[in-house]
1. Filter segment A:66-86 for residues that are in a helix (DSSP H, G or I) and of a type outside the set (A, V, I, L, M, F, W, C) and give the result.
2. What do you reckon, is residue B:61 crowded, with 17+ Cβ neighbours inside 10 Å, of a type in the set (Gly, Ala, Ser) and not assigned by TED's automatic domain parsing to the domain that holds residue B:164?
3. Residues in segment B:142-161: is at least one surrounded by 24 or more Cβ atoms within 10 Å (Cβ to Cβ), more than 8 Å from every other protein chain (Cβ to nearest Cβ), touching a Lys or Arg at 6+ places or on another chain (Cβ under 6 Å) and at pLDDT 95 or above?
4. Going through segment B:163-192 one residue at a time, which ones are at the interface with chain A (Cβ under 7 Å from one of its Cβ atoms) and touching a residue at least 24 places away in the same chain (Cβ under 8 Å)?
5. Within segment A:89-99, is there a residue that is of a type in the set (Ser, Thr, Tyr) and away from DNA strand D (no atom under 16 Å from the Cβ)?
6. Can you tell me which of A:163, A:146 is farther than 20 Å from residue A:72 by Cβ and not in a helix (DSSP H, G or I)?
7. Of everything in segment A:33-80, what is within 17 Å of residue A:109 (Cα to Cα), within 16 Å of DNA strand D (Cβ to nearest atom) and without any contact (Cβ under 8 Å) to a residue 12 or more places away in the chain? Give them in sequence order.
2 protein chains.
Amino acid sequence: MPEPSPSPAETKPRRRAGRPVGSILDQAGITTAALSLVSKKGYDGLTMVALAKSLGVAPSALYNHVGSKDDVLKLVEEDLMSKVDSSVFQTLPWEEAVRAWAYSYRDIFSAHTPLISVIAVLPVTDAPQTLAMYEAVTEGFLRAGFPEDRIIPCIVALEAYIFGAAFDATAPADIFDSGKLAESTPHFTAAVQSLGPVNYPSDLAFRMGLDALIAGFGALRTA
Amino acid sequence: MPEPSPSPAETKPRRRAGRPVGSILDQAGITTAALSLVSKKGYDGLTMVALAKSLGVAPSALYNHVGSKDDVLKLVEEDLMSKVDSSVFQTLPWEEAVRAWAYSYRDIFSAHTPLISVIAVLPVTDAPQTLAMYEAVTEGFLRAGFPEDRIIPCIVALEAYIFGAAFDATAPADIFDSGKLAESTPHFTAAVQSLGPVNYPSDLAFRMGLDALIAGFGALRTA
DNA sequence: TTCATAAATGAATGGCATTCATTTTTATCT
DNA sequence: AGATAAAAATGAATGCCATTCATTTATGAA
């Protein structure tokens, strides 16, 4: 630090790199506290008051580190995105990589569906983990021989499907029980019953749709 | 309840059919008021206080007709479901019917994404309009020659895709702007730019994914 | 008219995110 | 070591929200 006395360029206070020494709170701590709160109490339990209490701090103290509760959700989202396995595109053939990536993506976010409405509309700017995932997936598509201008539409469609499927995965098993109105919907009721005792086929449906998307998109490769 | 008095079958108070004569409020009125409130102020503006005011009534009066705000959302959902065009399955060949139905479904719910988290998990019991839609779609699949036990998984997968796409449709155009981090994600950034001035291809993506699902599922027909 | 029931009222209640003036803590400079 | 300025934490508001409840009003049937 060759920092002489006169030095008008350096006006901001400095801090030793990587050491949040002077404060109880920082964004990383808030993120992990939010995640453990969600895993214990669900998204209804994720309130600024509860978050502050779990950190041993007054609620207003949080606002020195995040601008709003939405900021907290963005932090959680970034953390989750970093857990989606997009490394598979470096090791597996395209079809299998897409499949593994999609399952990983869906499994992670099916436990965090309240985030989906936030993510789906959230600009990717300043979201490094999210961008890193997109970069890895894009590279995988390029390597597999996709024309550059088809890659983003394919990813967008796959993501839409994954988000929708994440909701499905949390639905109750009897969601298709037609109850008293069964008589007026005979074909639908029969189709539901033909599935057997397990009436909600969210996993079968996910696999079938994913197969269709992979087959359809795979045909776009030029190489 | 042995009910000694004569006429034991008729215990509930009667009311002339179709005439909500004695009260200002009923569920139909609440539903249309909620819909017009949403269209004017969005889902943030849909509060019980605002809803009551738009009906010229005290907020607590609403609770004589609905159990909770979630009930209001269910009423709105049912109304929207009745607007999804599933009649196409009676007139068009299967591929075109699925396409038309899916576009109609997505277009309606892209203006009501806050409902999706409710719908996706909501049992279909006591939701006559929703059941009617499922019945029409199921009939369309049966007519097209699908094995009975494949129909529900296909519908579930299509719905997941439609719900996800409804979120996409509301995303800002610059959602994929990588900003300062563009240098660290060269392939993704290039792929986004190859799309041209319109950087968010939600319509192209929807069409491509829908084509893939229709092609993949269409192959399941046996007839 | 009488009476029971349904509907509407207005005043609570408790939870929520967020703000702000104030105090405390911390890091750096003299 | 002491002074100083910035960052961080505090506690007490604020305003909005869904929901409840005791009470009053309106309605239809007997």
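1. Going residue by residue through segment A:66-86, those that are in a helix (DSSP H, G or I) are A:69-81.
Within segment A:66-86, A:69, A:70, A:71, A:74, A:77, A:78, A:79 qualify.
2. Numbers: crowded, with 17+ Cβ neighbours inside 10 Å: no; of a type in the set (Gly, Ala, Ser): yes; not assigned by TED's automatic domain parsing to the domain that holds residue B:164: yes.
For residue B:61, the condition - crowded, with 17+ Cβ neighbours inside 10 Å, of a type in the set (Gly, Ala, Ser) and not assigned by TED's automatic domain parsing to the domain that holds residue B:164 - is not met.
3. No; the residues of segment B:142-161 include none that is surrounded by 24 or more Cβ atoms within 10 Å (Cβ to Cβ), more than 8 Å from every other protein chain (Cβ to nearest Cβ), touching a Lys or Arg at 6+ places or on another chain (Cβ under 6 Å) and at pLDDT 95 or above.
4. Narrowing segment B:163-192 to residues at the interface with chain A (Cβ under 7 Å from one of its Cβ atoms): B:163-165, B:167-168, B:170-172, B:174-179, B:181, B:185, B:187-188, B:190-192.
Matches in segment B:163-192: B:163, B:165, B:167, B:168, B:170, B:171, B:172, B:174, B:175, B:176.
5. Narrowing segment A:89-99 to residues of a type in the set (Ser, Thr, Tyr): A:91.
Next, only the ones that are away from DNA strand D (no atom under 16 Å from the Cβ) stay: A:91.
Yes, the conditions are met somewhere in segment A:89-99.
6. On the way: A:163 fails: not in a helix (DSSP H, G or I).
Answer to the check: A:146.
7. A:44
Yes/no per residue for (1) among the small types (Gly, Ala, Ser); (2) outside the structural domain of residue A:115 (by TED's automatic domain parsing); (3) closer than 25 Å to residue B:139 by Cβ:
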{"residue": "A:151", "(1), (2), (3)": "no, no, no"}
{"residue": "A:157", "(1), (2), (3)": "yes, no, no"}
{"residue": "A:176", "(1), (2), (3)": "no, no, yes"}
{"residue": "A:193", "(1), (2), (3)": "no, no, yes"}
{"residue": "A:198", "(1), (2), (3)": "no, no, yes"}
{"residue": "A:204", "(1), (2), (3)": "no, no, yes"}
{"residue": "A:214", "(1), (2), (3)": "no, no, no"}
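The values are calculated or read from the model by the stated rules, or taken from the named source; none is laboratory data. What you are looking at is a predicted structure, and each value in this text was computed from that prediction instead of being measured. All Cβ positions, even for glycine, are placed from backbone atoms using ideal geometry, and neighbour counts span all protein chains on display.
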